[in-house]
């Protein structure tokens, strides 16, 4: 069977050079291997995603000379599949509800930090203090009845106990040069959120479900997602899903050394196109060989 690659952007802004590097790498590798390239629209965040940005994604990729298979999978059309996976984990006793707002969690973390150092995840975010695990069934029912914000969290300690030691095959390299068989460290992320009351999934859950359902064999993405693979391997093991191989690539950075991001105003591909640049220029600027 030919290998299956995928490019999976979120339509919450215009694509920039960092996206171009990832999309072109996936396209080139699929072409070289005689494989398939899928395009997936990761639009579970309905408040931030916009059809205008989705249309711009298609336009930019076409301009770069990238072709992909149709139909395109949109995550917002498959909430039932993600909900079913979350329900399966819940029935296995691996999920628990938490009811704090983001501000409430920040207060809990501040209280912990006042008593000493508090651990952070690989992205630098403080871990959830885990207080919701001590709630009685009566307290949970009362909070739900009151309409408190609800998130379903993975009981990380129990999940890791059941899955035992995991690793993944890395064909690229991690931020510190990690390669080959990389030991997964999902505990570093704490009790991650897998679903919310208003959105029955999360990035971690939907991405592993999508990759499995679409038959993705090769995941090519930026090094900023390298340690997220630990959570993805854990979910694959818990749900009995196939394991792709991974190839994490270096990020495109600005003059200050920060990674390009929509949130910090990285110049978009459409702006570069308006300046008269072509696809060959984008390849060069993204550090890729000519087509």
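Does segment 260-269 hold any residues that are surrounded by 15 or more Cβ atoms within 10 Å (Cβ to Cβ) and either more than 16 Å from the chain's Cα centre (by Cα) or without any contact (Cβ under 8 Å) to a residue 40 or more places away in the chain (or both), and which are they? Steps first, please.
Going residue by residue through segment 260-269, those that are surrounded by 15 or more Cβ atoms within 10 Å (Cβ to Cβ) are 260, 262, 266, 268-269.
Passing the criteria: 260, 266, 268, 269.
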Unmet criterion (only one of (1) in contact with a strand residue (DSSP E or B) (Cβ under 7 Å, 6 or more places away or on another chain); (2) under 14 Å from residue 221 (Cβ atoms)) for residue 11: (2)
Among residues of segment 175-206, those that are in contact with a strand residue (DSSP E or B) (Cβ under 9 Å, 6 or more places away or on another chain) and under 17 Å from residue 247 (Cβ atoms), counted: 7
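Conditions (1) modelled with pLDDT of 95 or more; (2) surrounded by fewer than 16 Cβ atoms within 10 Å (Cβ to Cβ); (3) within 19 Å of the chain's Cα centre (by Cα), marked per residue:
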{"position": "192", "(1), (2), (3)": "yes, no, yes"}
{"position": "238", "(1), (2), (3)": "yes, no, yes"}
{"position": "247", "(1), (2), (3)": "yes, no, yes"}
{"position": "255", "(1), (2), (3)": "no, yes, no"}
{"position": "273", "(1), (2), (3)": "yes, no, no"}
{"position": "278", "(1), (2), (3)": "yes, yes, no"}
{"position": "284", "(1), (2), (3)": "yes, yes, no"}
{"position": "291", "(1), (2), (3)": "no, yes, no"}
Matching residues in segment 110-136 - criterion: being touching a strand residue (DSSP E or B) at 6+ places or on another chain (Cβ under 9 Å), at pLDDT 90 or above and buried (at least 16 other Cβ atoms within 10 Å of the Cβ): 126, 127, 128, 132, 135
Residue count for segment 1-16, restricted to those that are in contact with a helix residue (DSSP H, G or I) (Cβ under 6 Å, 6 or more places away or on another chain) and either in a helix (DSSP H, G or I) or over 26 Å from residue 281 (Cβ atoms) (or both): 1
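What number of residues in segment 17-55 are crowded, with 16+ Cβ neighbours inside 10 Å, outside any helix (DSSP H, G or I) and in contact (Cβ under 8 Å) with a residue 40 or more places away in the chain? Reasoning before the result, please.
If we filter segment 17-55 for residues that are crowded, with 16+ Cβ neighbours inside 10 Å, which is where we start, we get 17-30, 35-44, 49, 53-54.
Right, trim to outside any helix (DSSP H, G or I) and you get 35-44, 49.
Right, trim to in contact (Cβ under 8 Å) with a residue 40 or more places away in the chain and you get 35, 38, 40, 42, 44.
Residues in segment 17-55 being crowded, with 16+ Cβ neighbours inside 10 Å, outside any helix (DSSP H, G or I) and in contact (Cβ under 8 Å) with a residue 40 or more places away in the chain: 5 in total.
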Residues satisfying the stated conditions in segment 227-263, i.e. within 26 Å of residue 58 (Cα to Cα) and assigned to a loop (DSSP other than H, G, I, E, B): 244, 250, 251, 252, 254, 260, 261
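Could you say which residue among 212, 266 is touching a helix residue (DSSP H, G or I) at 6+ places or on another chain (Cβ under 8 Å), within 16 Å of residue 5 (Cα to Cα) and not in a strand (DSSP E or B)?
Checking each option against the conditions leaves just 212.
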Qualifying residue in segment 228-236 (condition: surrounded by fewer than 19 Cβ atoms within 10 Å (Cβ to Cβ), without any contact (Cβ under 8 Å) to a residue 60 or more places away in the chain and either under 17 Å from the mean Cα position of the chain (by Cα) or not assigned by TED's automatic domain parsing to the domain that holds residue 104 (or both)): no
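Residue 58: part of a helix (DSSP H, G or I) and buried (at least 19 other Cβ atoms within 10 Å of the Cβ), yes or no? Show your work before the answer.
Values: part of a helix (DSSP H, G or I): yes; buried (at least 19 other Cβ atoms within 10 Å of the Cβ): no.
For residue 58, the condition - part of a helix (DSSP H, G or I) and buried (at least 19 other Cβ atoms within 10 Å of the Cβ) - is not met.
The values are calculated or read from the model by the stated rules, or taken from the named source; none is laboratory data. All values reported here derive from a predicted model rather than from experimental measurement. We place every Cβ from the backbone using ideal geometry, glycine too, and count neighbours over all the protein chains shown.
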